[in-house]
Amino acid sequence: MANDISEFFNSESDKELAAEGVKNHIKRSWDPRMRQQIIAYCQQDGKELTPLALKAVQKLV
């Protein structure tokens, strides 16, 4: 799901702004348990996330 969100924001040329958009969407829309799970996934591996999704999740920490 984070990859799908990042694909939407990927059209933004400023990737920092795009990562903020993904982060804010996750922060607003996802249940806290889901946020904790994706943060844990990124800290353990995160290899299946797009670079933009990974950057956004790292900003959640």
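The values are calculated or read from the model by the stated rules, or taken from the named source; none is laboratory data. The shown structure was predicted, so the numbers you read here are calculated from the model rather than taken from an experiment. Counting neighbours? That spans all protein chains shown, and the Cβs are built from the backbone with ideal geometry, glycine included. Heads up: the accessible areas ignore ligands, DNA and RNA and are worked out on the full protein's heavy atoms, side chains in. Shrake-Rupley method; radii C 1.70, N 1.55, O 1.52, S 1.80 Å.
Data table
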{"quantity": "Accessible-area value, residue 55, 1.4 Å probe, nucleic acids and ligands omitted, Å²", "calculated": "70 Å²"}
{"quantity": "Theoretical gain in end-to-end length, residue 39 to residue 1 [0.36 nm per residue, Cα-Cα removed]", "calculated": "12.3 nm"}
{"quantity": "Simple Cβ-charge dipole of the chain, Lys/Arg +1 and Asp/Glu -1, about Cα centre, in debye nearest 20", "calculated": "280 debye"}
{"quantity": "Share of carbon and sulfur in the accessible heavy-atom surface of region 1-51 [1.4 Å probe, %]", "calculated": "50 percent"}
{"quantity": "Neighbour net charge for residue 60 - beta-carbon separation under 9 angstrom, K R +1, D E -1", "calculated": "+4"}
{"quantity": "Where the chain is the region considered: accessible area per residue in Å², 1.4 Å probe", "calculated": "67 Å²"}
{"quantity": "Calculated from backbone phi, Karplus (6.51, -1.76, 1.60) coupling profile of region 14-27 in Hz, x at Gly/Pro", "calculated": "7, 5, 5, 5, 4, 4, 4, x, 5, 4, 5, 5, 4, 4"}
